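In what follows, a single structure is set out as structure tokens and then discussed.
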Amino acid sequence: MSTDILDEDVGQLVEVALADLKRIGVDGSYLGKNGRSINDPLIIEAVLMYCKANFGTPDNQEKLMAAYEMMCTKIKGGGYHRSVD
């Protein structure tokens with residue numbers, strides 16, 4: 001099995017997580033737009049949690065998605081709708 005196949009799947013999950021964060025109002029400057037790196041620990045943790053919850057069929061998927069939703073709640077209230085600049 002090639003790791004490239006898994007890389008593509010995980011990459012797709014990352015893109016979906018970033019799109020979901022954009023949907024809730026996170027400014028693109030936090031999401032790696034315009035050549036920026038994603039450095040914010042809450043954004044990184046939210047994306048990781050989303051990927052862990054949706055890659056394969058983890059036994060604790062409900063808990064992982066609840067943790068992702070909690071991260072989104074924190075992000076919504078954290079001023080992430082404004083640009084980093």
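Counting just the residues of segment 1-23 that are among the hydrophobic types (A, V, I, L, M, F, W, C) and within 14 Å of the chain's Cα centre (by Cα), which one comes out modelled with the lowest pLDDT?
As a first pass, look at segment 1-23 and keep what is among the hydrophobic types (A, V, I, L, M, F, W, C): 1, 5-6, 10, 13-14, 16-19, 21.
So of that shortlist, the ones also within 14 Å of the chain's Cα centre (by Cα) come out as 10, 13-14, 16-19, 21.
Numbers: VAL10: 92, LEU13: 96, VAL14: 95, VAL16: 97, ALA17: 97, LEU18: 97, ALA19: 97, LEU21: 97.
Filtering first and then ranking leaves VAL10.
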State all residues of segment 71-85 that are within 16 Å of ASN34 (Cα to Cα) and among the β-branched types (Val, Ile, Thr); if no residue qualifies, say none.
-> VAL84
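The values are calculated or read from the model by the stated rules, or taken from the named source; none is laboratory data. All values derive from a computational prediction rather than experimental measurement.
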